[in-house]
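We did not get these values from a lab; they are worked out from the coordinates using the rules stated. Worth saying up front: this structure is predicted, and the values here are computed from it rather than measured. All Cβ positions, glycine included, derive from the backbone under ideal geometry; neighbour counts span all protein chains shown.
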Amino acid sequence: MKFFENLNFSKLFSKKKIDDNLLDKFEELLIESDVGTEIASELKEKFKKEKIGKEIKDEKEIFEFLGNQISKILEPHERKFDDLNKNSPSIIVVAGVNGVGKTTTIGKLGRLFKDNGKKIVFGAADTFRAAAIDQLELWSKKIGAEFIKSDLGTDPASVGYKTAKFAEENKLDIAFIDTAGRLQNKKNLMEEYKKIFTVLKKINPEYPHETILVLDATTGQNAINQVEEFKKISNLTGLIITKMDTSAKGGILLAISKKFSLPIIAIGMGEKDSDLHPFSSNNFSKILVNNK
Ligand SMILES: Nc1nc2c(ncn2[C@@H]2O[C@H](COP(=O)(O)OP(=O)(O)OP(=O)(O)O)[C@@H](O)[C@H]2O)c(=O)[nH]1
Ligand SMILES: [Mg+2]
């Protein structure tokens, strides 16, 4: 990630004194890094207020300024893992378009809660692909989670139902329901999600307690459309951003926080079960500006 990686700040600030021309460049670079125009202009104004006319010591000073500002923007959105298990059982639907990392994230979350002594079940409500069911089953075996599936092609909502019931009957702590990767503009597929929610609510109107949207950090601006689409059909309770270990520009998270004010639960930093990190605005901003 490191969204300032390709941004040539040293060149930009070689003049040392900050003037309007440089500030415009600064703003442009921020926009290129996916933070969105609003935040880019906000950061520019703050930077201007504090630094205009002053001598800048070195690049580090700029990174520090940006890191602090980014951390301040994101801090109110931090949400702790523990918060996901307030009910017994906690019913959690994991949503997102295809390939973002839903199934892997369920595996990682499962590992985390399992390590904390929780009893969990995974429900394979992605019934469209045999490989998707197998993938989740492998994760369940790996970490010792219960596993609920139906035959290929059966109604995803019925798997959701079975999973929640199983969690209730067996007094489990958490049920994670995996869903099919699908394009948010395919109306019929969004209908499938709605059906899952409707069926869960028949068991208990509070179900699902959580609908977590998984976003792929490499997606860029399109992630905003994804949030918009999923917000229409569900009560999103949190975000998890995956693939932050790649060259993705994590700046999109700032744009999303600004626009939707959604809690951020965790970031995915790789494919292994230990690669899910609680979201910390402070750490995130540091990685982002590469201010080690
Ligand atoms: N580098 C990296 N790869 C990840 C991360 N999370 C998931 N992946 C990889 O991304 C690919 C897709 O992950 P899945 O978990 O299958 O994604 P999905 O959303 O369930 O996909 P569908 O079920 O097809 O919609 C896999 O190769 C994962 O190993 C991450 O944080 N970092
Ligand atoms: Mg999947």
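General remarks:
- Panel order for Leu213, Leu189, Leu74, Leu276, by other beta carbons found within 10 Å of each beta carbon, from fewest to most: Leu189, Leu74, Leu276, Leu213.
- Site pair Asn21 and Asn204 shows an inter-label distance of 6.4 nm when each label is modelled 7 Å from Cα along Cα→Cβ.
- If you look at the Cα atoms of region 9-77, you get an Rg and a Dmax of 11.6, 36 Å.
- With a cut-off of 15 Å between beta carbons, the residues surrounding Ile143 carry a summed charge of 0, where Lys and Arg count +1 and Asp and Glu -1.
- Arg129, Arg111, Arg79 arranged by Cβ crowding within 10 Å, fewest neighbours leading: Arg129, Arg79, Arg111
- Euclidean distance of C-alpha centroids, region 189-263 and region 69-118, integer Å: 12 Å
- Region 140-272, Rg to Rh (Cα coordinates; Rh as Kirkwood inverse mean 1/r): 0.98
- Counting only Cβ charges, +1 for Lys and Arg and -1 for Asp and Glu, the dipole size of the chain around its Cα centre is about 180 debye.
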